[in-house]
Amino acid sequence: MKLSFGFVRDDHIDCLYHGWQYDTGGRCRYIPAHPDLTVPETIRVTAYSALERAGMIWTTFDPQSVFPLAPEETEQAVPVRSIYLECGREQVLDMLRPASFQPYRQSVAANTEFRSLGSNLYTLSVAEDTLLIGVQTISGQRTALHIAIAGTLEAYEGRGQAHFFQWANTLRHRIEENSRHGLSNLSLLTGGAH
Amino acid sequence: MPLTLYNFDLDESCYKVRLALSMLGLEWETIPVDVIPGKEQLTPPFLSLNPLGRLPVLKDDDFTVTGTEAILAHLARTYDTSGTWLPAQGENFTKVMKWLNFSARDLEVTISARQHMLFGLPGRDDETLRTASAKMLRIMDDHMIARGFEGARWFAAAHATIADIALFPAFALSRDFGVDHDEYPALRSWARRFRKLPGFLTMPGIPDYH
């Protein structure tokens, strides 16, 4: 039974199955069937470190791993959306690098700057606007982009979010078209070989 | 005036009608129809109610209504004194119609997918059905993300309408046809709100939580 099926109550997570309650460190603190029992320290689940940054929750399977500390510009973030793509990480990054967008806060034409802020966090900036883009590798053929705007809710809530939502949808469409196109080229090549 | 629902518990379209009846605070009688394995809906007594051989069928006194969306509209228009479940006019009325149309036409693939995977009823292959169904849920999720930026929390109006009832089961039951909820965060939030509506009911495949 996955703990994610359970319930968060105060700062404990309760397993759906028998209601065992675990604290934030993964240690079991209460077993409802034995209410008077002091739960032995050995009953625990694996805890993974987690961090909220750039409007996203980051975690890792590697307990030794240290989160790359992003610059302060990522501290305030306004969520836009996540997009899930049927292609590999490198293919997505190849489409992301040359991507551009219309700025929201200024209507001047400007170049788009693409930067890496660590292994899985990138930014795209135009004029005063910066998008934070988390790249999640789900499998070799599946990648998610989690997109947020660097800045405050006062600046971007509502219309600003909608502006970049449209951009994200267009990006998704372009990546999917590219992916489909790539596949049809591949099958043409295969066809030629036979 | 007695309301009678010809019902099969595992049918998500019957579930939509049960939801509407319950959320409108109505009382109704149920006549069970043995769809699986009996195929009773394809036999003459039932075919005289609906020649399409499909559930749900609602009898309101001696008035027979077929077609899920028509039944939802009938119940809302006849019994909803608040007038919110089916707005009488304006853009909200049209938006409800748009999503009822989506439910009747575009979500049909999710019904096929579920019947195919749960009951082995004929259909295209699993992967085709799953992909086509996920595409429809994505359209719904995109819509609800955009609605969120406008401060709106329901599909067609500032409050729940029969559009939300018509759309809920396809998402809530999507794990039955192999589509998990992880990639639809706006639908997850909407489903949580939907579950809190007075009169909410579950069905097999939709637990009390999540």
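The values are calculated or read from the model by the stated rules, or taken from the named source; none is laboratory data. Just so it is clear, the structure is predicted and the values come from calculations on it, not from any experiment. Here the Cβ is made from the backbone with ideal geometry for all residues, glycine too, and neighbour counts use every protein chain on show. Side chains included, ligands, DNA and RNA excluded: accessible areas come from the protein's heavy atoms. Shrake-Rupley method; radii C 1.70, N 1.55, O 1.52, S 1.80 Å.
General remarks:
- Relative contact order computed over the range B:1-91 (Cα-Cα under 8 Å; 6+ residues apart), in percent: 32 percent
- Once the Cα-Cα distance is subtracted from the 0.36 nm per residue extended length, the residue A:34 to residue A:127 segment shows a gain of 27.4 nm.
- Solvent accessible area, Å² - residue B:16, 1.4 Å probe, full protein context: 10 Å²
- For chain A, the convex hull spanned by the alpha carbon atoms encloses 179 Å³ per residue.
- Surface accessible to a 1.4 Å probe, residue B:85 within the full protein complex, Å²: 30 Å²
- Accessible surface, 1.4 Å probe, highest first, among residues B:194, B:8: B:8, B:194
- Its DSSP H runs of at least 4 residues, each contributing -39,500 (n - 2.57), put the calculated 222 nm mean residue ellipticity of the protein assembly as shown at -12000 deg cm²/dmol, to the nearest 500.
- With all protein chains modelled, accessible area of residue B:28 [1.4 Å, Å²]: 80 Å²
- Average Cα contact separation per residue, chain A, under 8 Å, 6 or more apart, as relative contact order %: 16 percent
- Taking amide H atoms as placed 1.01 Å from N in the peptide plane, the amide H of residue A:149 lies under 5 Å from those of A:78, A:80, A:132, each 5 or more residues away in sequence or on another chain.
- Per-residue mean of foreign Cβ neighbours for B:135-144 is 1 (Cβ atoms of other chains, 10 Å radius).
- Kirkwood-type hydrodynamic radius, the protein assembly as shown: 24.5 Å, calculated from all non-identical alpha-carbon pairs.
- 12 Å beta-carbon shell around residue B:79, net charge (K/R +1, D/E -1): -2
- The range A:84-165 - Kirkwood radius from inverse mean 1/r over Cα pairs (Å): 13.4 Å
- The slack between residue A:3 and residue A:43, meaning 0.36 nm per residue of separation minus the straight C-alpha distance, is 13.0 nm.
- Charge tally around residue B:149: other residues with Cβ under 11 Å, Lys/Arg +1 each, Asp/Glu -1 each, net +1.
- Taking only protein heavy atoms and a 1.4 Å probe, the accessible area of the protein assembly as shown is 53% carbon and sulfur.
- Measuring between their Cα centroids, the range B:41-81 and the range B:132-208 lie 24 Å from each other.
- Evaluated at q = 0.12, 0.15, 0.17 Å⁻¹, a Debye calculation over the C-alpha positions of chain B (equal weights, vacuum) places log10 I(q)/I(0) at -0.61, -0.97, -1.26.
- Where A:42, A:112, B:68 fall by accessible area, highest first, once all protein chains stay in place (1.4 Å): A:42, A:112, B:68
- Percent of Cα pairs exceeding the 15 Å cut-off, where the set is the range A:86-125: 48 percent
- For the range B:134-210, the equivalent ellipsoid derived from the alpha-carbon gyration tensor has semi-axes of 19, 16, 10 Å in decreasing order.
- Cα gyration tensor shape of the range B:1-64, rounded if a/c is under 1.5, else prolate or oblate by comparing a/b with b/c: oblate
- Ordered by 1.4 Å accessible area with all protein chains kept, A:142, A:172, A:180, A:115 run largest first as A:180, A:115, A:142, A:172.
- Surrounding net charge for residue B:16, when Lys and Arg each add one and Asp and Glu each subtract one, Cβ distance under 11 Å: -3
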